[in-house]
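The values are calculated or read from the model by the stated rules, or taken from the named source; none is laboratory data. Everything quoted here is computed from the prediction, not taken from an experiment. Every residue, glycine among them, receives a Cβ derived from its backbone with ideal geometry; neighbour counts consider all protein chains shown.
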Amino acid sequence: MSRQKISSPEDSPPSLLGSRPRSQFHRGRILPPSFYERETEIVAREMLGTVLECETENGTASGIIVETEAYLGEHDLACHAAVGRTARTENLYGPPGIAYVYFIYGMYWCFNAVTRAEGLPSAVLVRALEPLDGIALMHRRRARVRHTVDLTSGPGKLCTALGITGSMHGKSLQRKPIVIREGERVADDDVEVTTRIGISRSADWPLRWLARGNRFVSKGKVSA
């Protein structure tokens, strides 16, 4: 039986790595709660270029954040907090810098970082990553995916690839199993802002940030 060829980020630029080996991408300190205790739009933009890392019993996998969406609170009808404080949304009201993980379509987990001060429900959804560490592990978790470029190009895909599950809901992002580290800042000229993907309410709000031209971003259609 012939072995399946796994493509690499060097095969077809652009990417935040460029032609560098993955080992040369900067992985800095774990981001402190103060990073998240700001307006959600600022956090969503500043998360581009940081590194989302998840450790499980099977190993560690990580990726560079290349696409985010902001969800602003009870007045944002696309935000879970629009229904108010419930058992499901309780962690959205929690302290900044914790994980908000939820299940969609009965199939996929989605990962968010809670923002702003405690009691102000808001979060940043991580929509896509450029794979960095543990790529072989990601391929085992998403065995039907041939190409590395398709491993983490969507919020459900990246959670499966990194091993992010509901057991991490409400966990601090300052310690394992799930953290976000300093990476390499994406220059303003290399950032694109659009409306969010796949929503019907507050659909015309420009609250999606992505690394311009990056081939690892999700392929969904913007909402307005």
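The one condition from (1) at pLDDT 95 or above; (2) of a type in the set (A, V, I, L, M); (3) surrounded by fewer than 20 Cβ atoms within 10 Å (Cβ to Cβ) that Leu151 does not meet is (3). Among the residues making up the range 28-83, those that are under 14 Å from the mean Cα position of the chain (by Cα) and among the acidic types (Asp, Glu) are Glu46, Glu53, Glu67, Glu69. Scanning the range 27-44 for residues that are of a type outside the set (Phe, Trp, Tyr) and either assigned to a helix (DSSP H, G or I) or touching a Gly at 6+ places or on another chain (Cβ under 6 Å) (or both) turns up Pro33, Ser34, Thr40, Glu41, Ile42, Val43, Ala44. Candidates Leu162, Leu120: the one that is in contact (Cβ under 8 Å) with a residue 40 or more places away in the chain and closer than 25 Å to Leu17 by Cα is Leu162. The set of residues from the range 76-107 being hydroxyl-bearing (Ser, Thr, Tyr), without any contact (Cβ under 8 Å) to a residue 60 or more places away in the chain and closer than 25 Å to Leu31 by Cβ comprises Thr89, Tyr93. If we scan the range 12-22, do we find a residue that is hydroxyl-bearing (Ser, Thr, Tyr), modelled with pLDDT under 95, surrounded by 14 or more Cβ atoms within 10 Å (Cβ to Cβ) and in a loop (DSSP other than H, G, I, E, B)? For the range 12-22, residues hydroxyl-bearing (Ser, Thr, Tyr), modelled with pLDDT under 95, surrounded by 14 or more Cβ atoms within 10 Å (Cβ to Cβ) and in a loop (DSSP other than H, G, I, E, B): present.
Restricted to strands (runs of 3 or more DSSP E) entirely inside the range 108-223, those with at least 2 residues that are under 15 Å from the mean Cα position of the chain (by Cα) are 108-114, 123-133, 178-181, 208-211. Of the residues in the range 139-148, none is in contact with a helix residue (DSSP H, G or I) (Cβ under 8 Å, 6 or more places away or on another chain) and crowded, with 23+ Cβ neighbours inside 10 Å.
Residue-by-condition table, conditions (1) within 19 Å of Tyr36 (Cβ to Cβ); (2) β-branched (Val, Ile, Thr):
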| position | (1), (2) |
| --- | --- |
| Pro131 | no, no |
| Leu137 | no, no |
| Lys157 | no, no |
| Gly170 | yes, no |
| Ile178 | yes, yes |
| Ala187 | no, no |
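Quick one: Tyr36 ticks every box in (1) out of contact with any helix residue (DSSP H, G or I) (no Cβ under 7 Å at 6 or more places or on another chain); (2) hydroxyl-bearing (Ser, Thr, Tyr); (3) crowded, with 19+ Cβ neighbours inside 10 Å except a single one, so which number is it? (1) is the only condition that Tyr36 fails.
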